[in-house]
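Scroll down for the structure; my scribbles are underneath it.
The numbers here are math on the coordinates, done by the rules we state, and not lab data. No experiment lies behind these values; they were computed from the predicted model shown. No Cβ is skipped: glycine too gets one built from the backbone with ideal geometry, and neighbour counts run over all protein chains shown.
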Amino acid sequence: MIYTLTPNPAIDLYVGLDQLKPEIVNRTYEEDYQPNGKAINVSIMLKRLGLANTALGFLGGFSGKFIEDELEKMDINTSFVHIDGITRINVFANADKEYKIVNKGPEISPEKVKEMLDMISSLPEKSILFVSGSLPGGVSDEFFVEVAKICDHKRIKLVLDISSKALLDCLDYQPYLIKPNDEELATFFDLDVSEMTESKIIECSNILLERGAQQVLVSRGEKGAIYVKDGNILKVTSPKGEVINTACAGDTMLSGFIGKLEQGYSLEEALRFASAAGSATAFSKGLGELSHIDLLISETKISTLKEEKMNG
């Protein structure tokens, strides 16, 4: 069984404007409300791939009910911990530029944190658990480490997509896959993102493998992605197109990659699909549809990066 955990879900409100200026009424010409949060995006994309899954997370208020109702309309199973407060609403405005307004979310009580950890402890052995996104107030970074401990103990395949440096403390528990983007990878190693050349990405990924990660997938936006596992180093390019929304592209890439592996596709096929799916989202207002995915896949290229690339 596949589960996704979004600690800090949101409604994402996408609006289109001709312009966005201060101190005047800026009227939109379109708007779209979507249940969101990184692992919720994963749930939605997995379902579109035909993979049943259950969405976990903390939800509260009218906005939390909207998210739960929308997921159930998509026939996605839900098992949320219900909290006091209101689940956040984020705004993404596409005008002359892309603007992102992301709220911090509600405060979570210690009792509700324990309830969530108990829920994870009850998941079946050998399940897959995606944990993605930021933490709401009241939840410390130690939460990620506790989740990693539980997954290691129960032989649950843990897929981590978090920007917190607590990820480094999770490596002792051998997560199945971690998916930083190049900026996050730089932060983990106290580097500037400008230093993240292909050779540096591979070098850092190998360190993460040595510390316990089983696989590393580094998303690089329009540059595609680099996958590293035990000397197997693959680079996949990204299709070209008009970028409208980058907020959910990494989530789509991650769900596409793991989803296709679960469906028996080869590593190379899964990587090409993942890159194409991520681009489909980047070219859309929200999560990308897969109706034209074959065309996008045909525009991706995959290559093996040799060991000497790392040293040069």
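All other residues whose Cβ lies under 12 angstrom from that of ASN8 are scored, Lys and Arg at +1 and Asp and Glu at -1, for a net of +2.
Beta bridges from DSSP with both residues in the chain: antiparallel share about 45 percent, rounded to the nearest 5.
When the square roots of the Cα gyration tensor eigenvalues are ordered a ≥ b ≥ c, the ratio a/c for the range 174-287 is 1.5 or more and a/b does not exceed b/c, which makes its shape oblate. Peptides 289-295, 223-229, 46-52 ranked from most to least packed, by the mean per-residue count of other Cβ atoms within 10 Å: 223-229, 46-52, 289-295. The count of lysine pairs in the range 66-185 with alpha-carbon distances below 24 Å, taking only pairs 8 or more places apart or on different chains, stands at 27.
GNM remark for the chain: springs join alpha carbons under 10 Å apart, and the peak mean-square fluctuation among MET253, MET116, MET74 falls on MET74. Between GLN19, GLN34, GLN215, the residue with the greatest mean-square fluctuation in the GNM of the chain (Cα pairs under 10 Å linked by springs) is GLN19.
Other residues lying with their Cβ under 14 Å from the Cβ of ARG155 contribute a combined charge of +2, Lys and Arg counting +1, Asp and Glu -1. In terms of the mean number of neighbouring beta-carbon atoms within 10 Å, the peptides 84-90, 97-103, 274-280, 10-16 order highest first as 274-280, 10-16, 84-90, 97-103. How many angstrom separate the Cα center of the range 1-27 from the Cα center of the range 269-303? Centre-to-centre distance over Cα atoms comes out at 22 Å. Nearest 5 is fine: what % of DSSP beta bridges in the range 32-151 come out antiparallel, could you say? So the antiparallel bridges in the range 32-151 amount to around 45 percent.
The local environment of ALA277, defined by Cβ-Cβ distances under 11 Å, has a net charge of +1 under the rule Lys, Arg +1 and Asp, Glu -1. By definition, a body whose alpha carbon gyration tensor gives a ≥ b ≥ c is prolate when a/c is 1.5 or more and a/b is larger than b/c, and the range 67-151 fits this prolate description. For the chain, the 222 nm mean residue ellipticity estimated from helices alone, with every DSSP H stretch of n ≥ 4 adding -39500 (n - 2.57) and the total spread over all residues, rounds to -11000 deg cm²/dmol. Let me make sure I get this right: for the range 74-208, a, b and c are the square roots of the gyration tensor eigenvalues over alpha carbons, sorted descending. Under 1.5 in a/c it's rounded, otherwise prolate if a/b > b/c, else oblate. Which is it? It comes out oblate by the Cα gyration axes.
The 3J(HN,Hα) values that the Karplus relation (6.51, -1.76, 1.60; θ = phi - 60°) gives for the range 45-54 are, in residue order, 5, 4, 5, 5, 7, x, 9, 5, 7, 10 Hz. Gly and Pro appear as x.
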